[in-house]
Amino acid sequence: MKKILAVVLLSLSIAYLTGCTPVENNVSSAQPSQESLQISQDAEKSDNEKSNNEKSNDEKSNDEKSNDEKSNDEKSNDEKSDDEKSNDEESDDENSEEESSEIDIMEESDIFSFRVKINDVVYQLPFEYAELEENGYYISRDGELEPENYSRSIEWKNEEGHIISTQLWNPSNKKKSYEECKIGSMEIKLGEDFEVVLPGNFAFDTEVTPAKIKEQYGEPESEHIYNDYVTLRYKVDLSKTVEFFIYTNENYIKFSSVTVKNFS
């Protein structure tokens, strides 16, 4: 019995001295620390992955934004191209309308519209002195006109030497220089080789005859027949007339002329 008791006491003493129970406690307490570390690492990894995903999404968003901006730029370029095309079409339409307008003016005008078209330029009498200058004509002298008066015939020339005879008109109540006056009358001769079109798109050329003029404009207010030429006058009053001077002798056809006058 004493031996058994001694063995038990010895065993307890050994167990106490070797610390079996504390070792188990230490092992047990160490394990939660490792698990905590593992969880921390996993959490950090998850945060990193989340950050990378967010960065990827941001980059994707930037790429989409860049694509949208590129799309907007392309759209802007397309719109600009459409605008340029529209402007070109508008410009072509304006040019076409301007050409059509000149044709319509001469087509629809009657003889008392006092218009004449010379080499594609339409003149509406009376008009400003400067208009002939702008179209390349000049006179070689200066002068003045009394109030409400008009000049004798004055010749204008261009670089080709073609001549248009005019009468200047001062409708004001003050004396004015030639440059301040209007062109109230124009005479154009066939021999000057102009392309001349009269109201109704009537071509004034070497084929013109008194019969063709009357066919176009009807019977004149007065007609005078001479050996070599015929005169036909269409008149509203003395200040508004269109007069034809037509040579019937073929040797003098180039001297045939038309005079358009409007002093009002």
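The values are calculated or read from the model by the stated rules, or taken from the named source; none is laboratory data. On a predicted model such as this, the values are computed, not experimentally measured, just so you know. Note that we place each Cβ from the backbone using ideal geometry, even for glycine, and neighbour counts take in every protein chain shown.
Of all residues in the stretch 190-209, how many are free of Cβ contacts under 8 Å to residues at least 24 places away in the same chain and either among the hydrophobic types (A, V, I, L, M, F, W, C) or in a strand (DSSP E or B) (or both)? Quick ask: steps written out before the conclusion?
In the first step, residues of the stretch 190-209 are kept if they are free of Cβ contacts under 8 Å to residues at least 24 places away in the same chain; the result is 202-203, 205, 207.
Then drop every residue that is not either among the hydrophobic types (A, V, I, L, M, F, W, C) or in a strand (DSSP E or B) (or both), which leaves 202-203.
Within the stretch 190-209, residues that are free of Cβ contacts under 8 Å to residues at least 24 places away in the same chain and either among the hydrophobic types (A, V, I, L, M, F, W, C) or in a strand (DSSP E or B) (or both) number 2.
Report the residue count in the stretch 116-144 for those that are part of a strand (DSSP E or B), without any contact (Cβ under 8 Å) to a residue 60 or more places away in the chain and out of contact with any Ser or Thr (no Cβ under 6 Å at 6 or more places or on another chain).
Taking the stretch 116-144 and keeping what is part of a strand (DSSP E or B), we get 116-118, 121-124, 127-128, 138, 144.
Okay, now just the ones that are also without any contact (Cβ under 8 Å) to a residue 60 or more places away in the chain, so 121-122, 124, 127-128, 138, 144.
Pick out the ones that are also out of contact with any Ser or Thr (no Cβ under 6 Å at 6 or more places or on another chain) and you get 121-122, 124, 127-128, 138.
Qualifying residue count, the stretch 116-144: 6.
Which residues, counting only those in the stretch 175-203, are touching an Asp or Glu at 6+ places or on another chain (Cβ under 9 Å) and surrounded by fewer than 16 Cβ atoms within 10 Å (Cβ to Cβ)?
Residues satisfying the conditions are 175, 177, 179, 193, 195, 200, 201, 203.
Could we say that residue 243 is within 21 Å of residue 127 (Cβ to Cβ), assigned to a strand (DSSP E or B) and not hydrophobic (A, V, I, L, M, F, W, C) here?
yes
Those residues that are exposed (fewer than 14 other Cβ atoms within 10 Å of the Cβ) and assigned to a loop (DSSP other than H, G, I, E, B), I need them from the stretch 210-231; list them, please.
218, 219, 221, 226, 227, 228
Does the stretch 149-160 contain at least one residue that is assigned to a strand (DSSP E or B), over 26 Å from residue 205 (Cα atoms), modelled with pLDDT of 60 or more and not charged (D, E, K, R)?
yes
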